[in-house]
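Each remark here refers to the structure printed beneath this line.
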Amino acid sequence: MVGPRLTTNAHYGLRDWLSQRVTAVVITLYTLLCVAIAFVAAPNGGLGYDGWRALFASNAFRVVTFLFLVAVYYHAWVGVRNILMDYVKPTGIRFVLQTLVICALVAYTGWGVQILWGMR
């Protein structure tokens, strides 16, 4: 006889699917924005170091870039977490790997803030 099905109230399916799509749209829009900026600047010789530096000196562009980075990190987290949940069966090993991924993504977020708002 098969025992009762245990539920964990972990409704990852729809939330993960939607977050992957929303973050993919954010990533795509930011990429198109950067391509459009480079395309507009192309007839004038393109954007050199000074042009890109001036662009990133704008707080609005820094915020948009930060949102892009957070979208990339969350997109990566959902994907890696799902892969680990599917293929790493021992709970302890999976926990350690997920913790390492979370620590790396938090560090990358801090590094992104340092780069975006630390430039002079």
If I go through the range 38-59 residue by residue, how many of them are among the polar types (S, T, N, Q) and over 19 Å from Gly112 (Cβ atoms)? 1
Just need a number here: residues in the range 58-78 that are of a type in the set (Gly, Ala, Ser), surrounded by fewer than 16 Cβ atoms within 10 Å (Cβ to Cβ) and under 19 Å from Trp111 (Cβ atoms). 1
Considering only residues that are touching a residue at least 12 places away in the same chain (Cβ under 8 Å) and among the β-branched types (Val, Ile, Thr), look in the range 90-120 and name the one that is nearest to Val63 (Cα to Cα). Val113
Could you tell me whether the range 50-61 includes any residue that is modelled with pLDDT of 95 or more and in contact with a Leu (Cβ under 9 Å, 6 or more places away or on another chain)? yes
Matching residues in the range 61-101 (farther than 18 Å from Tyr30 by Cβ and either among the polar types (S, T, N, Q) or touching a Lys or Arg at 6+ places or on another chain (Cβ under 8 Å) (or both)) number 8
Sole residue being assigned to a helix (DSSP H, G or I) and more than 19 Å from the chain's Cα centre (by Cα), chosen from Ile83, Ile102, Ile93: Ile93
Here are some conditions: (1) among the hydroxyl-bearing types (Ser, Thr, Tyr); (2) surrounded by fewer than 11 Cβ atoms within 10 Å (Cβ to Cβ); (3) in contact with a helix residue (DSSP H, G or I) (Cβ under 7 Å, 6 or more places away or on another chain). Tyr87 meets all but one. Which one does it not meet? (3)
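The values are calculated or read from the model by the stated rules, or taken from the named source; none is laboratory data. Since this is a predicted model, take the numbers as computed values, not measurements. Cβ: placed from backbone, ideal geometry, glycine included. Neighbour counts: every protein chain shown.
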